[in-house]
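Inspection log for the structure reproduced underneath, given as structure tokens.
The values are calculated or read from the model by the stated rules, or taken from the named source; none is laboratory data. Computed from a prediction, not measured in an experiment: that's the story for all the values here. Here Cβ is always computed from backbone atoms with ideal geometry, including for glycine, and neighbour counts include all displayed protein chains. Quick note on the areas: whole protein, heavy atoms, side chains included, nothing else; ligands and nucleic acids left out. Shrake-Rupley method; radii C 1.70, N 1.55, O 1.52, S 1.80 Å.
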Amino acid sequence: MNTESSSSVMEAPPVQESLSGLNRGNGGGPGTGQLLRSFRHFIILVFLGSVFLPPLTYLSNPGEALHSSGEGYLRLGVYGAAALAMLVALYLLLRKLESCLLKHSLDQAAFLENIPDRFLSAAIAGSASLSLLLELAVIRWQGSIFEFFAFYKNFGLLACFAGLGLGYALSRSKEGIPLILTLPLLSWQFGLLIFLRWGLPIPGLYYSLETIPFREQLNMGVPMTATWDQIGIVYLLLAVVFLLTALTFVPIGQLCGKLMERHSQLPAYGFNLLGSLAGVLLMFLISFLWTPPVVWFALCLAISLFFFARKPKTLLLAMGLTMVALTTLAWPVNPLWNRIYSPYQSLDLGYGPNGLMFIRAAGHYYQRVHNLSDAAVGASTDPALRATREYYNFPYRARPRANTVAIVGAGSGNDVAAALRSGAQHVDAIEIDPAILLAGKTNHPERPYDDPRVRPIVNDARSFFRTTDSRFDLIVYGLLDSHTLLSQASSVRLDSFVYTVEGLREARSRLKPNGVLSVSFSVLNKALGTKIYQMMKQAFDGKEPLCFFPSYDGAQIFMQSKNGDLSIPPAVLADTHVAERPDVYRDSAIKVDLSTDDWPFLYMPRRVYPFSYLVVLGLILLLTFILYATFFREQPRASHLPFFFLGAGFMLVETKAITEMGLTFGNTWQVIAFTIASILVMAFLANGIVRQIRVRPTIFLYFLLFASLAGGWWVATSGGLPSTLAGKTGTAAILTCPLFFSGIIFSTLLTAESRISSAMSMNLMGAMCGGILEYNSMYFGFHFLYLLALGLYAAALLSGLAFRNTRVLPAFEA
């Protein structure tokens, strides 16, 4: 079941599914060797895209003049000749290896068919664990190489789904795509992305590959595309990565499908769910240990070795290719930086000319440490250092004698050090990423985290404010910006729910009567500044915040007291060289839409439909269609439509569950992992009930599903349940009920299928559709997903009544 953070778990039991009706020929696939020939065509297509990327990037680089010189044309000519020679060599090599690969495929199929029945259940669980763990590893690794993958939402997930679904569909064929091809394809993707990010011969040449072509959403630290050629290069990179990822997962999906076909439907599905749960727990463990990607993939590839044919040459080749993949992945591209993989993101720790720590996230500037102690500033003649100190000290000058302070986004400790310098007696330092907190603790020259007055808290800010009984003289929002999504199923960032009207109100509620809320932000344009201003105004019951413009990092500060009567003495402003300009946003004619818990998109000043995302979505659909049309000629069976709609509906409900559970319990990686594991457990329980009790497909089951969705929508639109233990328990129950009932419906329909891989594949294709439909939340909000899921589940019911051979009973029999 591939559920990762967004797998389609449940309905499409973990990562596996296959468009059964699509298969043809001998059990569903093309004739002898045809599968491999089709696969070869895609490999050549991906190779062409890969070799075109470097020269096109070179030509589109706005700061590179060499491409217009004779030397530049000479370089391109030599590169083109070498690329042509490599293309011919690759084509001839693939032709020569065709018979060998066919033999590997047949040996693989024979090995899977001959696995003893006593080990079959464990093999099904192991293959599901492999598919989900590899899916999570690939998605996370891609985001650590190019930052924009972290902003492309569920792009990597959909690519994995496409490959797995195709693999399930092909599992009925006697031949197939040998599992051993997964290894060189992974090596190819590792080498390509690492080369494009760090190996291009001219520094900065990868600029075009780091731009983002989406206009609806602002992005901190990532430039938007300026020209059409840059946009084209980004889309070419996405197409190449999508195909590489999908092709990598085809043999994995085929492995899962072949094993499940040997078992009866419901037990096979149950063991698949258990394996998927094991995959989630493994990823939880390796995330907890802050392990690097080489560990993630080493674990995946070690599991895959159990499924190769037991022949010495095959095993030696597999182990050799595994070493090539891991060596490529572990190659030290930038040894001067210390790279840490926290549970949330990849962080690079380095040191500037002044010897102070500098932090990059996914290769981009994220944070820097300052030594702003009295001794350091007194000994310096640098006016910028004094301006930086004045910025960090300003909230404490605006609210003097702040004894109890909460700092949101404490990071490496600059804000914490400022609070201590200003005389705070107790500081709650809230930071969601434990790696950043540890880096600050060990590298900040003022050692703020070693002070007994400081309590470091690794938690989500919303969760902290909801659960603490403390009240504060001052709450400071640091320059908080997340480069990481809450999950790969959703467009929500880790800090999205911090910057909503409801989030600001909750922070205000934790202020003492004369307490002050200070929000600092690197405002990208006037529209974003206007939005934050209006959100603060609404959170403070119409009282306008004060706006200050310090001389640091493009930061702006929005402040207001709990009572809405804050004023700053002019002497303080003059002494700190901070300008107060209330008219900038008070008189702004720019129209903005405020971020709420239903629509938490701070970086979208207006609620506009994300039309520029449609290009990427169209690219995904086009490539998926080409993949399936190349391998299959038959149409999907109409009787499988219920599985498609169940998968699409489930994906939307799962996305909603992840975001709401994060909002209720905290947007931490532990909560997200627990939510995904809980979804798998609910699917397993539903499967177990259907296995133990003779449950039939009934309209009554759909009624329970619709009622649970309607109840969730009503609670969400009413403001949610309180943050008490009973309220949190009720939230968890409301979010899981639809998943439980849809799991029962899926399992009941599965009992009537003769080919489990076919139903799974169609279900996974539906999950892809649901992942695409999730983009509607960027305009309609997340509550809308309930209604959209309700419509999809209704389509599942109607298509079942219209096309399925088995009748849907009016009541359920036990």
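Residues that are among the basic types (Lys, Arg), touching a residue at least 60 places away in the same chain (Cβ under 8 Å) and in contact with a Gly (Cβ under 7 Å, 6 or more places away or on another chain): does region 622-641 have at least one?
yes
Against the numbered list (1) within 24 Å of the chain's Cα centre (by Cα); (2) at pLDDT below 80; (3) open to solvent by 20 Å² or more (accessible area, probe 1.4 Å); (4) not aromatic (Phe, Trp, Tyr), GLY204 comes up short only at (1). When the helices (runs of 4 or more DSSP H) confined to region 76-182 are screened for residues that are crowded, with 16+ Cβ neighbours inside 10 Å, touching a strand residue (DSSP E or B) at 6+ places or on another chain (Cβ under 9 Å) and not β-branched (Val, Ile, Thr), those reaching at least 3 such residues are found at 117-145, 148-151. Within region 768-796, residues that are over 14 Å from LEU617 (Cα atoms) reach partners that are of a type in the set (Lys, Arg) and assigned to a helix (DSSP H, G or I) with beta carbons closer than 7 Å, at six or more positions or on different chains, in the pairs PHE782/LYS656; LEU785/LYS656; TYR786/LYS656. Within region 748-778, the residues that satisfy the criterion of being more than 15 Å from GLY649 (Cβ to Cβ) and among the polar types (S, T, N, Q) are THR748, THR751, SER754, SER757, SER758, SER761.
Table: residues versus (1) among the small types (Gly, Ala, Ser); (2) at pLDDT 90 or above; (3) within 22 Å of ASP473 (Cβ to Cβ); (4) crowded, with 23+ Cβ neighbours inside 10 Å.
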| position | (1), (2), (3), (4) |
| --- | --- |
| PRO513 | no, yes, yes, no |
| LEU517 | no, yes, yes, yes |
| SER522 | yes, no, no, no |
| MET535 | no, yes, no, yes |
| GLN538 | no, yes, no, no |
| ASP541 | no, yes, yes, no |
| TYR552 | no, no, no, no |
| GLN556 | no, yes, no, no |
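Collect the residues in region 744-768 that are over 24 Å from the mean Cα position of the chain (by Cα) and not polar (S, T, N, Q), keeping them in residue-number order. Talk me through it step by step, then tell me what you get.
Initial filter on region 744-768 (over 24 Å from the mean Cα position of the chain (by Cα)): 744-759.
Passing the criteria: ILE744, ILE745, PHE746, LEU749, LEU750, ALA752, GLU753, ARG755, ILE756, ALA759.
Filtered by the rule that a residue be modelled with pLDDT under 55 and surrounded by 21 or more Cβ atoms within 10 Å (Cβ to Cβ), region 22-68 gives LEU22, ASN23, GLY28, GLY29, PRO30.
Among the residues of region 424-441, those that are part of a strand (DSSP E or B) and open to solvent by less than 10 Å² (accessible area, probe 1.4 Å) comprise VAL427, ASP428, ALA429, ILE430.
Can you tell me which condition ILE590 does not meet? The list is (1) loosely packed, with under 13 Cβ neighbours inside 10 Å; (2) touching a Lys or Arg at 6+ places or on another chain (Cβ under 7 Å), and all the others hold. Only one criterion in (1) loosely packed, with under 13 Cβ neighbours inside 10 Å; (2) touching a Lys or Arg at 6+ places or on another chain (Cβ under 7 Å) is unmet by ILE590, namely (1).
Give the number of residues within region 244-262 that are within 18 Å of LEU164 (Cβ to Cβ) and open to solvent by 10 Å² or more (accessible area, probe 1.4 Å). Outline the logic, then answer.
If we filter region 244-262 for residues that are within 18 Å of LEU164 (Cβ to Cβ), which is where we start, we get 244-261.
In the following step, the residues that additionally are open to solvent by 10 Å² or more (accessible area, probe 1.4 Å) were identified as 258, 261.
The qualifying residues number 2.
Among the residues that make up region 300-318, is at least one of them under 15 Å from PHE190 (Cα atoms) and aromatic (Phe, Trp, Tyr)? No, region 300-318 contains no residue that is under 15 Å from PHE190 (Cα atoms) and aromatic (Phe, Trp, Tyr).
Residues of region 272-292 that are surrounded by fewer than 24 Cβ atoms within 10 Å (Cβ to Cβ) and either closer than 20 Å to SER758 by Cα or out of contact with any Leu (no Cβ under 6 Å at 6 or more places or on another chain) (or both): LEU274, ALA278, LEU281, PHE284, LEU285, ILE286, SER287, PHE288, LEU289, TRP290, THR291, PRO292. Residues being modelled with pLDDT under 95, charged (D, E, K, R), in contact with a strand residue (DSSP E or B) (Cβ under 8 Å, 6 or more places away or on another chain) and open to solvent by 40 Å² or more (accessible area, probe 1.4 Å) are represented in region 401-422 by at least one member.
Do we find a residue being touching a strand residue (DSSP E or B) at 6+ places or on another chain (Cβ under 7 Å), of a type outside the set (Phe, Trp, Tyr), surrounded by fewer than 24 Cβ atoms within 10 Å (Cβ to Cβ) and not in a helix (DSSP H, G or I) anywhere in region 636-653?
Filtering region 636-653 down to residues touching a strand residue (DSSP E or B) at 6+ places or on another chain (Cβ under 7 Å) leaves none.
Checking region 636-653: not a single residue is touching a strand residue (DSSP E or B) at 6+ places or on another chain (Cβ under 7 Å), of a type outside the set (Phe, Trp, Tyr), surrounded by fewer than 24 Cβ atoms within 10 Å (Cβ to Cβ) and not in a helix (DSSP H, G or I).
Just one of (1) charged (D, E, K, R); (2) in contact with a Phe, Trp or Tyr (Cβ under 8 Å, 6 or more places away or on another chain); (3) open to solvent by 70 Å² or more (accessible area, probe 1.4 Å) fails for ASP597. It is (3).
All conditions but one from (1) at pLDDT 95 or above; (2) in a loop (DSSP other than H, G, I, E, B); (3) not hydroxyl-bearing (Ser, Thr, Tyr) apply to PRO395; the one that does not is (2).
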